């Protein structure tokens, strides 16, 4: 066998191996996805949306409490985290720029984006749950807010930096004060990018379970009071799936399906937004 | 109809009725091109941007095959065979027809390993043979003196002009019969450009050269034959001095006198 | 007037941005303070002792630490080759028409919450492991595999991104010398994108070691170091997830906080190495 034939053979072998590994990887992922869809769709019915949690074996058992709890926790965390994240990102891009402080904040935020979320949960347990004396929706909200801020902050920072500096200069040249330039020109120019960042940030925290386990805890019934423990889809899913009761497990799959579709939907919308922006 | 002279030289390559169509388009980017490429000479391809000169150059080593869906028609004859045949062994072809790119493309490895790369691909493992051929290639590329003391250094530490000569050394180390230059000096300063041009002229003793350039002076300085291309067609191929002094086609004249382009 | 608003706006943004640093410092401080009881009670024995017995007020974290290390190691061993294979497939082999749809699906799968992977593992993967190896089916091996599958999409996507930074012209010049695809991958793409690829792998490692939900379902939360890889085990996040709501004494809580503190230190270090040592160049490009 000549050297070239040998190389061609190695090439062929590696190509086959990596195609194979790609197929193995993709097959596993498809398997998970199809199970999620099959179990999820078959478990979804109107009772899921109409009823609160009920003991195993009970007919009228649903996820209303968890859906509403999830909605309250996520939207409150978003309402707090998004403005804070955007303002913080504004500082990095518009004021701090490449200063030492701004770069340190960027680095630390980047690390926080990958830090274990269960650690945030234990932190909130210490600073919110213990002083309050009990688990509460607020504790969960604050935990998710802390996870969300670095994400929004960094995407805002990146997106604002993409706005051409000539735009800012043109506005300054007209005598506009800096805050007006930022709000009227820079934010407007980065609108789509910031919105995408928000959607992906929401998608990211919506799937968090670990930081809620011992903050917002759980509640098998509907509660809209953030001062009390509150159900979420993720924690409910965990509790139901690890229970020995088949009807609870099925409801767990329904929760998994609803949550995944929500998160995938946000991701897909985010992607489409990016594409329309590129298309322009 | 195009004016194509007959060349007195032996031919290295012969293009006949060649058409090339990019993936996803119906209109061919190169239309009905026929031309000889003289052996041990330099053939320059000139023309305004988008005329297809680089597309033609990249057909000679079938670079277009890296991206699916591109179509060749017609014939490019090399050593008695049509290299456009699907069964053509591209790896063999590319070791016989080397290429130098617009920008220096030093690989992320040492100077020595860059030059030895093609040799190792051919299965040469013998240390002393590798050493000899690397040294010879670097000498032929007129860069040996500058790098002989730091062969183990990262090639990306060299200047742009040095990197481009290193790439030439890498290409000639495998002793190709044809070398394709795709605007080899477009990223270089005037002094490095001069060095590369001198080197290209020296190299024609050993290889046949095709060079694409957007710089007419460069074509006039280095080449023996010049082909003028326009909108995917070869308008005129002539002896360089004649083409620049007494072009036979009106389009060629307009281009070299700067009326467009 | 404009001047005052300008100043107020600037300072509020600065305070908010700065608060990120304060919160992180606060997290470290709070976890450290809450660990003090346990640190005083056990000292260094906490991380070398293998006995975790809440009823005896005895807390040794070695099984949890070992569990984190081993399950993450297993996950890396399984996921790295496959992720590189997928990345090579996506960036060099797949037909143009498939590149984007497969690439996007993999990125979307990386967005699926880890709790779903854990659930899948419990209901569909545990029985398979049980059939093959006997026993309960939950344990270190199962956790490692589920973790590997969970980090695979992220790892493959970032590895592909790193590979895609290789300039086309560099690849073309290697093909022009007669290189095969594999020659170009191993001699050009991998060396060129080395820092990015290693950085991505380490970043995935940093995420895997702190991952809770994908493994909590399938690990068993048994504080015992076992030679059998299929035996039930635990890890730091699994212990936290299972025991935080059950802890009933000061010392128990403090030990859990110390575990949390250790996990934060480990992942902070790993992620910093990935970000600052390997991904620095590619980051703010």
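The values are calculated or read from the model by the stated rules, or taken from the named source; none is laboratory data. Because the structure is predicted, anything quoted here is derived from the model rather than measured. Using ideal geometry, Cβ is built from the backbone for each residue, glycine included, and neighbour counts are taken over all protein chains shown.
Here residue B:100 meets each of (1) touching a helix residue (DSSP H, G or I) at 6+ places or on another chain (Cβ under 9 Å); (2) away from chain A (no Cβ under 14 Å); (3) over 29 Å from residue B:212 (Cα atoms) with one exception, condition (3).
The helices (runs of 4 or more DSSP H) found wholly in region C:160-243 and carrying at least 1 residues that are over 30 Å from residue C:130 (Cα atoms) and within 7 Å of another protein chain (Cβ to nearest Cβ) occupy C:168-176, C:181-184, C:190-209.
For region A:85-98, residues that are surrounded by fewer than 19 Cβ atoms within 10 Å (Cβ to Cβ) and either touching a residue at least 24 places away in the same chain (Cβ under 8 Å) or more than 8 Å from chain C (Cβ to nearest Cβ) (or both) total 2.
Within region A:1-27, no residue that is touching a residue at least 60 places away in the same chain (Cβ under 8 Å) sits with its Cβ atom under 9 Å from a residue that is in a helix (DSSP H, G or I) at 6+ positions apart or across chains.
One residue alone among B:118, B:195 is within 14 Å of chain A (Cβ to nearest Cβ), in contact (Cβ under 8 Å) with a residue 40 or more places away in the chain and under 18 Å from the mean Cα position of the chain (by Cα), and that residue is B:118. For region C:88-97, state whether one or more residues are touching a helix residue (DSSP H, G or I) at 6+ places or on another chain (Cβ under 7 Å), more than 25 Å from residue C:206 (Cα to Cα), part of a loop (DSSP other than H, G, I, E, B) and free of Cβ contacts under 8 Å to residues at least 24 places away in the same chain. Yes, region C:88-97 contains at least one residue that is touching a helix residue (DSSP H, G or I) at 6+ places or on another chain (Cβ under 7 Å), more than 25 Å from residue C:206 (Cα to Cα), part of a loop (DSSP other than H, G, I, E, B) and free of Cβ contacts under 8 Å to residues at least 24 places away in the same chain. Checking each residue in region C:159-187 for being surrounded by 20 or more Cβ atoms within 10 Å (Cβ to Cβ) and closer than 29 Å to residue A:110 by Cα picks out C:159, C:160, C:162, C:163, C:166.
Evaluated against (1) buried (at least 20 other Cβ atoms within 10 Å of the Cβ); (2) assigned to a helix (DSSP H, G or I), residue C:137 falls short on exactly one condition, (2).
Condition check ((1) buried (at least 17 other Cβ atoms within 10 Å of the Cβ); (2) in contact (Cβ under 8 Å) with a residue 60 or more places away in the chain) across all residues:
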residue: B:10; (1), (2): no, no
residue: B:15; (1), (2): yes, yes
residue: B:40; (1), (2): no, yes
residue: B:57; (1), (2): yes, yes
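The residue list A:258, A:263 contains one member that is under 18 Å from the mean Cα position of the chain (by Cα), modelled with pLDDT of 90 or more and closer than 15 Å to residue A:64 by Cα, which is A:258.
Here is a yes/no grid of residues against (1) surrounded by fewer than 24 Cβ atoms within 10 Å (Cβ to Cβ); (2) facing chain C (nearest Cβ under 10 Å); (3) not in a helix (DSSP H, G or I):
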{"position": "A:220", "(1), (2), (3)": "yes, no, yes"}
{"position": "A:234", "(1), (2), (3)": "no, yes, no"}
{"position": "A:238", "(1), (2), (3)": "no, yes, no"}
{"position": "A:255", "(1), (2), (3)": "no, yes, no"}
{"position": "A:269", "(1), (2), (3)": "yes, no, no"}
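The residue list A:54, A:79, A:27 contains one member that is out of contact with any helix residue (DSSP H, G or I) (no Cβ under 8 Å at 6 or more places or on another chain) and at pLDDT 95 or above, which is A:79.
Checked against the criterion of being touching a residue at least 60 places away in the same chain (Cβ under 8 Å) and under 15 Å from residue B:210 (Cβ atoms), region B:78-88 has at least one qualifying residue. Quickly run through region C:263-285 and pick out the residues that are modelled with pLDDT of 90 or more and surrounded by fewer than 20 Cβ atoms within 10 Å (Cβ to Cβ). Once the filter is applied, which keeps residues that are modelled with pLDDT of 90 or more and surrounded by fewer than 20 Cβ atoms within 10 Å (Cβ to Cβ), region C:263-285 yields C:265, C:266, C:269, C:272, C:273.
Here is a check on your reading of the model: is residue C:74 within 24 Å of residue A:242 (Cβ to Cβ) and within 21 Å of the chain's Cα centre (by Cα)?
Judged against the criteria, residue C:74 is a match.
For the structure I just gave you, tell me whether residue A:126 is within 29 Å of residue C:204 (Cα to Cα), surrounded by 22 or more Cβ atoms within 10 Å (Cβ to Cβ) and in the same structural domain as residue A:254 (by TED's automatic domain parsing). When the stated conditions are applied, residue A:126 does not pass them. Anything in region C:107-124 that is surrounded by fewer than 23 Cβ atoms within 10 Å (Cβ to Cβ) and in contact with a helix residue (DSSP H, G or I) (Cβ under 7 Å, 6 or more places away or on another chain)? List them, or say none. Once the filter is applied, which keeps residues that are surrounded by fewer than 23 Cβ atoms within 10 Å (Cβ to Cβ) and in contact with a helix residue (DSSP H, G or I) (Cβ under 7 Å, 6 or more places away or on another chain), region C:107-124 yields C:107, C:108, C:110, C:111, C:122, C:124. Condition first: within 18 Å of residue A:215 (Cβ to Cβ) and part of a loop (DSSP other than H, G, I, E, B). Now tell me which residues in region C:244-257 satisfy that. Hits for region C:244-257 are C:244, C:245, C:246, C:247. Selection of region A:99-132 for residues being facing another protein chain (nearest Cβ under 9 Å), without any contact (Cβ under 8 Å) to a residue 12 or more places away in the chain and not in a helix (DSSP H, G or I) yields only A:115. Considering only residues in region A:173-185 that are within 12 Å of chain C (Cβ to nearest Cβ) and in contact with a helix residue (DSSP H, G or I) (Cβ under 6 Å, 6 or more places away or on another chain), the one that is surrounded by the fewest Cβ atoms within 10 Å (Cβ to Cβ) turns out to be A:177.
One residue stands out in region C:64-87 among those that are away from every other protein chain (no Cβ under 12 Å) and either surrounded by fewer than 23 Cβ atoms within 10 Å (Cβ to Cβ) or free of Cβ contacts under 8 Å to residues at least 12 places away in the same chain (or both): the one that is nearest to residue C:236 (Cα to Cα), namely C:65. Filtering A:66, A:54 for residues that are out of contact with any strand residue (DSSP E or B) (no Cβ under 8 Å at 6 or more places or on another chain) and part of a loop (DSSP other than H, G, I, E, B) leaves a single hit, A:54.
Exactly one residue out of A:21, A:61 is surrounded by 14 or more Cβ atoms within 10 Å (Cβ to Cβ) and assigned to a loop (DSSP other than H, G, I, E, B): that is A:61. On the stretch given as region B:17-38, residues that are touching a residue at least 40 places away in the same chain (Cβ under 8 Å) and assigned to a loop (DSSP other than H, G, I, E, B) total 5. Taking residue C:41 as the residue in question, decide whether it is more than 25 Å from residue C:202 (Cα to Cα), touching a helix residue (DSSP H, G or I) at 6+ places or on another chain (Cβ under 7 Å), more than 10 Å from every other protein chain (Cβ to nearest Cβ) and in contact (Cβ under 8 Å) with a residue 60 or more places away in the chain. Yes.
Residue B:47: crowded, with 19+ Cβ neighbours inside 10 Å, at positive phi and in contact (Cβ under 8 Å) with a residue 24 or more places away in the chain, yes or no? So residue B:47 passes the test. Of all residues in region B:121-167, those that are out of contact with any helix residue (DSSP H, G or I) (no Cβ under 9 Å at 6 or more places or on another chain) and more than 14 Å from chain A (Cβ to nearest Cβ) total 4.
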